[in-house]
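Taking it in order: structure first as structure tokens, then the write-up.
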Amino acid sequence: GEKGAAEARPRKVIEDPYETAAKTASGVVASGAGKTGGLYMPPYKLAQMMSGVDDKASAQYQRMTWEALKKAINGLVNKVNVSNIKAIVVDLLKQNVIRGRALLVRSLMKAQGASPNFSRIYAALLAVINTKMPEIGELLVKRAVNQFNRAYRRHDKVVCNGVVKLIAALVNQQLVHELLALQLCILLLETPTDDSVETVVTFVTECGAALAEVSPQALNSIFERLRSILHEGAIDKRVQYMIEGLYAVRKSNFADYPAVLPELDLVEAEDQITHEVSLDEQLDLEETLDYFTFDPDFEANEAAYVRVRREILGDDSDSESGDDDDDDDDDDD
């Protein structure tokens, strides 16, 4: 009887999973649909499928390349660390990060939110790309400021403390003007609470060295405000100790918290493009860039990016996605 029952049950695996993935990538099937809907696509399979599409201007092909771009960017951002950062920057620039600028910004912010202690690495990565494509740096700065504002209004201490580490790292890399740092501290110390003072201590610990260099008066005014909060004695003992700890860090000239670690100092100061964004301005977060949109000039724009890439990386940057297979062999040596 069991065999008959098995026969009677409809078999689920009729469709070739790559067929499904192709449909998912081209938007025929929503990615949530069915078990194979969100199927992992090995990059070489995606490349194979893409080469099977004749019409390079079609929405189907464009959507496939968008999915491939998202995968490539996320993969690179998730791999970056102090020792491989220069190679990762080059690999990122081989991708069309102008088309995928919101993908890159989202990926960096997601990675930073999960590991705020790696903020300096993500900011250093962005610092290099920002010298070539400041619109990417600007988009991340605006979204970070927006994230801070929202977390502050919701009294979300965890997100607040995480995002100020990112903003501090952006100040350190001169991606954002120090005026933003001052505004942020003034806002947090206006009506001090245990949480808001703790956030300022976290923030100033991370970017105090940079502020001492570019704007010592501003830094002094922050410390004056902290001193008066200490004297008022209205905050928790634990937070009072944190302020005293910050005074000690300052006394040592932020010796343990340099603005930029030598191995993450990848950009000459005069090459950096600093964005001036203030806490209270209306920010255009350009959220439509997060999603796939059909581009009638797709092929021309892709060709334009190839020219940009060659200009930045030189002519030998053309060995693009085809070199993935070779990379695996090198690891065996």
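The values are calculated or read from the model by the stated rules, or taken from the named source; none is laboratory data. Keep in mind the model is a prediction, meaning the values are calculated, not measured. Counting neighbours? That spans all protein chains shown, and the Cβs are built from the backbone with ideal geometry, glycine included. For accessibility, only protein heavy atoms count, side chains too; no ligands or nucleic acids. Shrake-Rupley method; radii C 1.70, N 1.55, O 1.52, S 1.80 Å.
Out of (1) open to solvent by 40 Å² or more (accessible area, probe 1.4 Å); (2) closer than 30 Å to residue 295 by Cβ, the odd one out for residue 154 is which?
Here residue 154 clears every test but (2).
For the range 173-194, state whether one or more residues are open to solvent by less than 10 Å² (accessible area, probe 1.4 Å) and either of a type in the set (Ser, Thr, Tyr) or under 30 Å from residue 301 (Cα atoms) (or both).
yes
Suppose we filter 114, 127, 102 for residues that are among the small types (Gly, Ala, Ser) and either at pLDDT below 95 or open to solvent by 10 Å² or more (accessible area, probe 1.4 Å) (or both); which single one remains? Give the steps one after another, and end with the answer.
On the way: 127 fails: either at pLDDT below 95 or open to solvent by 10 Å² or more (accessible area, probe 1.4 Å) (or both); 102 fails: either at pLDDT below 95 or open to solvent by 10 Å² or more (accessible area, probe 1.4 Å) (or both).
Answer to the selection: 114.
Do you know which residues across the range 221-238 are open to solvent by 20 Å² or more (accessible area, probe 1.4 Å) and under 25 Å from residue 177 (Cβ atoms)?
Step one: filter the range 221-238 for residues open to solvent by 20 Å² or more (accessible area, probe 1.4 Å), giving 221, 224-225, 227-228, 230-234, 236-238.
Within the range 221-238, 221, 224, 225 qualify.
If a residue must be of a type in the set (A, V, I, L, M, F, W, C) and closer than 12 Å to residue 97 by Cα, how many such residues does the range 125-140 contain?
Restricting attention to the range 125-140, the residues satisfying the condition of being of a type in the set (A, V, I, L, M, F, W, C) are 125-129, 133, 136, 139-140.
From what's left, closer than 12 Å to residue 97 by Cα: 126, 129, 133, 136.
Residues flagged as of a type in the set (A, V, I, L, M, F, W, C) and closer than 12 Å to residue 97 by Cα within the range 125-140 amount to 4.
Could you check the range 258-289 and list, in sequence order, the residues that are of a type in the set (Val, Ile, Thr) and surrounded by 17 or more Cβ atoms within 10 Å (Cβ to Cβ)?
First, pick out the residues of the range 258-289 that are of a type in the set (Val, Ile, Thr): 260, 267, 273-274, 277, 288.
The answer is 260, 267, 274, 277.
Identify all residues within the range 108-123 that are among the hydroxyl-bearing types (Ser, Thr, Tyr) and more than 9 Å from the chain's Cα centre (by Cα); write none if there are none. Spell out the reasoning first.
Within the range 108-123, the first condition is being among the hydroxyl-bearing types (Ser, Thr, Tyr), and the residues that meet it are 115, 119, 122.
Matches in the range 108-123: 115, 119.
Taking the range 196-227, which residues are closer than 26 Å to residue 151 by Cα and among the hydroxyl-bearing types (Ser, Thr, Tyr)?
Those that are closer than 26 Å to residue 151 by Cα and among the hydroxyl-bearing types (Ser, Thr, Tyr): 196, 199, 202, 205, 221.
What number of residues within the range 195-220 satisfy the criterion of being open to solvent by 60 Å² or more (accessible area, probe 1.4 Å) and touching a residue at least 24 places away in the same chain (Cβ under 8 Å)? Break it down into steps so the answer makes sense when it comes.
Keep residues of the range 195-220 that are open to solvent by 60 Å² or more (accessible area, probe 1.4 Å), which gives 195, 213-214, 217, 220.
From the residues that got through so far, the ones that are touching a residue at least 24 places away in the same chain (Cβ under 8 Å) too are 195, 213-214.
Counting residues in the range 195-220 that are open to solvent by 60 Å² or more (accessible area, probe 1.4 Å) and touching a residue at least 24 places away in the same chain (Cβ under 8 Å) gives 3.
Could you list, in sequence order, the residues of the range 239-257 that are part of a loop (DSSP other than H, G, I, E, B) and surrounded by 15 or more Cβ atoms within 10 Å (Cβ to Cβ)?
Within the range 239-257, the subset part of a loop (DSSP other than H, G, I, E, B) is 252-257.
Scanning the range 239-257 gives 254, 257.
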